[in-house]
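A quick write-up on the structure given underneath.
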Amino acid sequence: VQLQACGGGLVQAGGSLRLSCAASGRTFRNYASAWFRQAPGKDREFVAAFRWGSTFYSDSVKGRFSISRDNTKSIMYLQMNSLKPEDTAVYYCAADREIIVGVIRDGKQYDYWGQGTQVTVSS
């Protein structure tokens with residue numbers, strides 16, 4: 001499956017952005033999918049995931065970000081509200097067919113990745 005992420009940009013603190021990740025080649029329906037991010041000089045970190053109708057969030061974004069998926073269009077979204085400067089990073093979407101819940105936050109479990117989209121939050 002090929003993934004294409006978009007929707008990043010520059011926003012002031014407290015603002016909102018919506019990222020999209022379009023899948024081609026396969027339908028999202030039978031895949032777990034997730035968003036990760038990587039800030040300069042930092043390791044890649046888990047943001048949110050969607051698997052069989054269940055959603056998972058990191059503590060740092062819970063209550064501010066919302067992940068959703070339209071399986072008919074094979075598009076995944078990340079609605080980001082109340083953005084903070086520490087949310088600044090390159091955001092990547094990822095997918096894999098065989099991921100159990102226990103490792104859904106582990107980026108090494110995902111075989112398919114999008115190219116990343118830059119999110120910059122100014123203070």
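The table below lists the values:
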read-out	value
Reachable lysines, given that their alpha-carbon falls under 19 Å from the alpha-carbon of K42 and they are not under 8 places away in the same chain	K84, K108
Positive-end residue of W113, V1, F36, charge dipole of the chain with Cβ unit charges	V1
Contour excess over end-to-end distance, with Cα ends at Q118 and S58 and 0.36 nm allotted per residue	19.7 nm
Note, ³J(HN,Hα) from phi for region 60-72, Karplus 6.51, -1.76, 1.60, rounded to Hz, x at Gly and Pro	6, 10, 4, x, 10, 10, 9, 9, 8, 8, 10, 5, 5
Where labels lie 7 Å past Cα in the beta-carbon direction, separation of K73 and R26 in nm	2.2 nm
Size-normalised alpha-carbon gyration radius of the chain, reference 2.2 N^0.38 Å	0.97
Set of lysines near K73 by C-alpha distance (under 23 Å), chain-local residues within fewer than 8 positions excluded	none
Spin-label pair V1/K42, simplified geometry with 7 Å Cα→Cβ offset, distance in nm	2.6 nm
Exposure of L10 as accessible area (Å², to 10), given a probe of 1.4 Å and all protein chains	130 Å²
The chain, dipole about Cα centre (Lys/Arg Cβ +1, Asp/Glu Cβ -1), debye to the nearest 20	240 debye
At R0 = 30 Å, FRET efficiency that the Cβ-Cβ distance of D111 and Q12 yields, to 0.05	0.25
Longest site-free stretch - the chain; sites: trypsin sites (Lys or Arg not before Pro), DSSP loop, at most 13 other Cβ within 10 Å	1-41
Computed accessible area, D59, all protein chains, 1.4 angstrom probe, square angstrom	130 Å²
Isolated Cys residues of the chain, judged by Cβ distance under 4.7 Å to other cysteines	C6
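The values are calculated or read from the model by the stated rules, or taken from the named source; none is laboratory data. All figures in this text were calculated on a predicted structure; none of them were measured in a lab. Neighbour counts are summed over all protein chains in view; Cβ atoms, including those assigned to glycine, are modelled from backbone coordinates with ideal geometry. Only protein heavy atoms, including side chains, enter the accessible area calculation; ligands, DNA and RNA are left aside. Shrake-Rupley method; radii C 1.70, N 1.55, O 1.52, S 1.80 Å.
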